[in-house]
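Everything below concerns the one structure shown next.
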Amino acid sequence: MFCYQCQETARNQGCTIKGVCGKTAGVANLQDVLIYVSKGLAQVRNRIQDGKEVLDKQIVDNLFMTITNANFDAEKIEEAIITSLDLKKPYLAELKDLPAAATFDVREGLEEVEGDGIGVLATEDEDIRSLRELITYGLKGLAAYVHHAEVLGYEDGAIQDFMAEALEKITDDSLTVEDLVALTLKTGEVGVQGMALLDKANTERYGHPEITEVNLGTRNNPGILISGHDLGDMEELLKQTEGTGVDVYTHSEMLPANYYPAFKKYDHFVGNYGGSWWHQKEEFASFNGPILMTTNCIVPPRDDSYLDRLYTTGVAGYPGAKHIEGHIATEKDFSPLIEQAKACPAPQQIEEGTIVGGFAHNQVLALADKVVDAVKTGAIRKFVVMGGCDGRQSDRNYYEEFAKALPDDTVILTAGCAKYRYNKLHMGDIGGIPRVLDAGQCNDSYSLAVIALKLKEVFGLEDINELPIVYNIAWYEQKAVIVFLALLALGVKNIHLGPTLPAFLSENVVKVLVENFQVGTNSDVETDIQELIMA
Ligand code: SF4
Ligand code: SF3
């Protein structure tokens with residue numbers, strides 16, 4: 001196996017024996033095959049007239065499934081490979097001169113299929129490989145967002161066209177480094193469209209997120225804990241649990257569900273339990289009730305302590321966990337979780353009090369006058385975008401320390417699970433504007449871009465980089481990659497990306513990012529406060 005798609009990759013070079021995430025070599029190889037098969041599916045899709053939609057949906061599922069910590073289940077990944085091979089098969093006879101990935105059809109011993117043009121290392125040139133993978137990971141993040149929108153009934157053919165086109169282009173050996181740099185930026189542009197589509201889907205279906213005090217404590221009823229990013233599943237779980245005596249709590253990236261009017265109306269929706277994804281071994285154990293993982297991030301349970309209470313749905317999967325079938329949420333039957341919950345003790349309380357969130361674009365723009373005044377009078381010196389992912393490595397303490405060291409006249413704009421490093425620090429407010437404004441999930445980084453563009457307009461600026469906004473972003477998995485590329489496509493410069501730069505960026509690709517976008521990484525808190533805030 002060789003995998004270097006996430007920030008925790010071994011020695012910041014690559015996982016080669018087993019994933020730091022817990023992925024086995026067999027599953028890693030299957031994921032490589034699935035990505036290769038998806039490229040082949042895209043090549044076929046790009047050559048046909050009718051029936052593209054079915055292939056597109058499969059491509060999106062495949063890419064999403066291989067995101068870090070989404071699916072550890074070899075059987076499910078094999079199923080996706082076979083389904084993909086079956087989907088393209090009827091077209092193969094009529095299409096001439098197909099590239100190798102399109103005609104690939106191996107169905108046995110897939111865990112051992114390695115090399116032969118399939119995995120990451122099949123591309124020998126380091127810079128071409130780096131750009132191909134950067135684009136692939138951007139597409140994976142985009143696929144996740146497209147999937148969330150699609151299951152809510154929102155689709156955009158132009159995004160699908162681009163994804164298939166990009167997947168084919170990264171197999172094309174005639175493309176130069178310059179071509180691939182251009183394709184990388186285009187991926188970011190389409191990333192913005194993907195996030196806008198999901199924002200539209202979420203807000204049209206569930207209303208605009210609004211300022212909300214989220215309860216962190218527990219009640220005495222049995223509960224179900226829901227995690228991941230899929231709001232359709234959230235809605236359906238709330239509907240199906242209503243009147244059953246079973247409470248619902250969010251975990252990690254599902255916290256922002258608490259901000260949506262459509263979910264707040266449910267009395268049995270109690271609040272949020274615990275922190276970001278990597279705390280789940282302890283928190284799932286003490287929760288006592290069933291846990292529903294709608295997407296990443298799943299951490300392999302330490303022992304069998306809660307595996308019998310762990311459920312997955314959608315593209316998420318874990319061997320031994322029960323899978324709730326169905327594509328759109330209304331097709332899903334959550335009664336196994338509800339029945340199990342009834343026989344479980346209530347969650348053990350691990351925190352109390354509340355946290356405040358719900359500052360997506362609509363809410364912040366409703367406060368625009370206040371915000372603009374605070375900037376004009378100097379009450380707010382700078383906004384610091386600190387969104388992205390959390391992770392378990394000790395160097396992530398940097399983000400908590402950085403937040404603590406920020407001067408009192410700064411405001412953090414955040415989205416994604418990175419927020420758990422500082423959203424419980426009680427950092428106070430500036431004239432009623434909280435110093436941590438949480439827009440929501442990682443995809444809601446779109447909100448941060450909308451806010452920035454609006455401020456640019458209000459202040460009559462030519463360039464988004466003239467705003468008093470700095471970027472100190474934490475990344476871990478591939479959704480953060482598409483968010484990063486989207487920010488580049490919007491022209492944002494001087495982004496600090498940490499806690500380390502991606503291992504998949506070659507020296508020359510880093511050079512391109514530094515020369516054109518002044519991308520950097522974090523150093524120590526004191527230096528970065530000086531550089532980003534005081535300068
Ligand atoms: Fe390693 Fe990350 Fe890949 Fe897991 S997803 S195998 S931790 S690089
Ligand atoms: Fe977190 Fe996995 Fe990325 Fe959606 S839940 S931000 S890491």
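The values are calculated or read from the model by the stated rules, or taken from the named source; none is laboratory data. Just so you know, these numbers come straight off a predicted model, no measurement behind them. Positions of Cβ are backbone-derived with ideal geometry, glycine not excepted, and every protein chain shown enters the neighbour counts. Accessible surface is based on the protein model in full, side chains and every heavy atom, while ligands, DNA and RNA are left aside. Shrake-Rupley method; radii C 1.70, N 1.55, O 1.52, S 1.80 Å.
Diffusion coefficient of the stretch 483-532 by Stokes-Einstein, Kirkwood radius over Cα pairs, 10 °C, 1.306 mPa s: 138 µm²/s.
A Förster radius of 51 Å combined with the Cβ-Cβ distance from Ser523 to Asp369 puts the calculated FRET efficiency at roughly 0.85. Rg over Rh for the stretch 90-214 works out to 1.07, using Cα positions for both radii and the Kirkwood form for Rh. Cα-based radius of gyration for the stretch 325-398, normalised by 2.2 N^0.38 Å, reads 1.88.
When +1 charges are put on Lys and Arg Cβ atoms and -1 charges on Asp and Glu Cβ atoms, the dipole computed for the chain relative to its Cα centre reaches about 880 debye. Three principal axis extents of the stretch 445-501 based on alpha-carbon atoms, in descending order, are 35, 17, 14 Å.
Rounded to the nearest 20, the Cβ-based charge dipole of the stretch 269-409 about its Cα centre (Lys and Arg +1, Asp and Glu -1) stands at 240 debye. When all alpha carbon pairs of the stretch 1-156 are counted in 10 Å bins from zero, the resulting P(r) reads 10, 40, 37, 12, 1 %. Spin-label model, Ser174 to Asn494: label points 7 Å out along the Cα-to-beta-carbon direction sit 4.2 nm apart.
Summarised in one figure, the compactness ratio Rg/Rh of the chain, Cα atoms and Kirkwood Rh, is 0.95. Each Lys or Arg adds one and each Asp or Glu subtracts one; over the other residues with Cβ under 11 Å from the Cβ of Asp409, this totals +2. Each of Ala257, Asn288, Tyr318 was scored by the projection of its Cα onto the charge dipole of the stretch 240-336, and the greatest displacement toward the positive side belongs to Ala257; charges sit on the C-beta of Lys, Arg, Asp and Glu. Which of the residue pairs Lys419/Lys511; Lys23/Lys200; Lys89/Lys479; Lys39/Lys96 have a Cα-Cα distance greater than 26 Å in the structure shown? Table pairs above 26 Å Cα-Cα are Lys419/Lys511; Lys23/Lys200; Lys89/Lys479. Surface exposure of the chain, expressed per residue as accessible area with a 1.4 Å probe, stands at 36 Å².
The modelled label-to-label distance between Gln530 and Glu112, using points 7 Å beyond Cα along the C-beta direction, is 5.8 nm.
Take every pair of alpha-carbon atoms less than 8 Å apart whose residues are at least six positions apart; their mean separation over the length of the stretch 348-454 yields a relative contact order of 35 percent. First select every other residue whose beta carbon is under 10 angstrom from the beta carbon of Ala360; then total the charges, Lys and Arg +1, Asp and Glu -1. Net local charge, Ala360 excluded: -4.
Given R0 = 45 Å, the distance between the Cβ atoms of Leu425 and Asp161 translates into a calculated FRET efficiency of 0.55. For the stretch 371-500, dividing the convex hull volume of the Cα atoms by the residue count gives 96 Å³ per residue.
Tell me, what does the Kirkwood hydrodynamic radius of the stretch 178-337 come to in angstroms if you use every pair of distinct C-alpha atoms? Mean inverse Cα-Cα distance, inverted, gives 16.7 Å. Computed over the chain, the per-residue total of -39500 (n - 2.57) for DSSP H runs of n ≥ 4 gives a 222 nm mean residue ellipticity of -13000 deg cm²/dmol, rounded to 500. At an R0 of 22 angstrom, the distance between the Cβ atoms of Ala100 and Glu126 translates into a FRET efficiency of 0.50.
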